[in-house]
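Please read the structure below before turning to the comments.
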Amino acid sequence: MARSAYAAGERAGRVAGGCDVAASAPESIDRELARALSRRRRRILRSHGPAAGIEALQLARDYLRRLREQVVEARRAGTSIAGISIENCLTPDERATDFETFFHARNVASIEARGLLAEAA
């Protein structure tokens, strides 16, 4: 998800954009990303934006893992997950695009509204 990838347009469905928690549970999305990675393709076609390298799928899995970690941490601390910023779900060298930031906010709202990751409490 480095600036040249996740934010510059060469990233897979974008990290947060490729992980639409409003449409499916995080675990299901991660399972499908892992399955797609196992096919060892070199490029992926996205519904939004240009084709991307396969590393975009791993970036999306990393985003989901970090998002889950942030949800677990917030719930254990008894704080709202609404304050989880996308920057906390990316590596330090990654910068989110407006598109990714939009989907991240939607993901956090969906996790809260649907009670997803409730076992993380």
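Please verify whether the range 58-78 includes one or more residues that are assigned to a loop (DSSP other than H, G, I, E, B), under 22 Å from ALA113 (Cα atoms), modelled with pLDDT of 80 or more and not charged (D, E, K, R). Yes, the range 58-78 has at least one match.
Taking the stated definitions as given, is LEU33 in contact with a Phe, Trp or Tyr (Cβ under 7 Å, 6 or more places away or on another chain) and either in a helix (DSSP H, G or I) or at pLDDT below 90 (or both)? For LEU33, the condition - in contact with a Phe, Trp or Tyr (Cβ under 7 Å, 6 or more places away or on another chain) and either in a helix (DSSP H, G or I) or at pLDDT below 90 (or both) - is not met.
In the range 38-49, the condition of being part of a strand (DSSP E or B) and over 11 Å from the mean Cα position of the chain (by Cα) is met by at least one residue.
Is at least one residue of the range 20-30 outside any helix (DSSP H, G or I), of a type in the set (Ser, Thr, Tyr) and buried (at least 17 other Cβ atoms within 10 Å of the Cβ)? Looking for residues that are outside any helix (DSSP H, G or I), of a type in the set (Ser, Thr, Tyr) and buried (at least 17 other Cβ atoms within 10 Å of the Cβ), one finds none in the range 20-30, hence no.
Of the residues making up the range 86-101, just one is free of Cβ contacts under 8 Å to residues at least 12 places away in the same chain and either surrounded by 15 or more Cβ atoms within 10 Å (Cβ to Cβ) or not in a helix (DSSP H, G or I) (or both), namely PRO92.
The values are calculated or read from the model by the stated rules, or taken from the named source; none is laboratory data. What you are looking at is a predicted structure, and each value in this text was computed from that prediction instead of being measured. Reconstructed Cβ throughout: ideal geometry from the backbone, glycine too, with neighbour counts over all protein chains shown.
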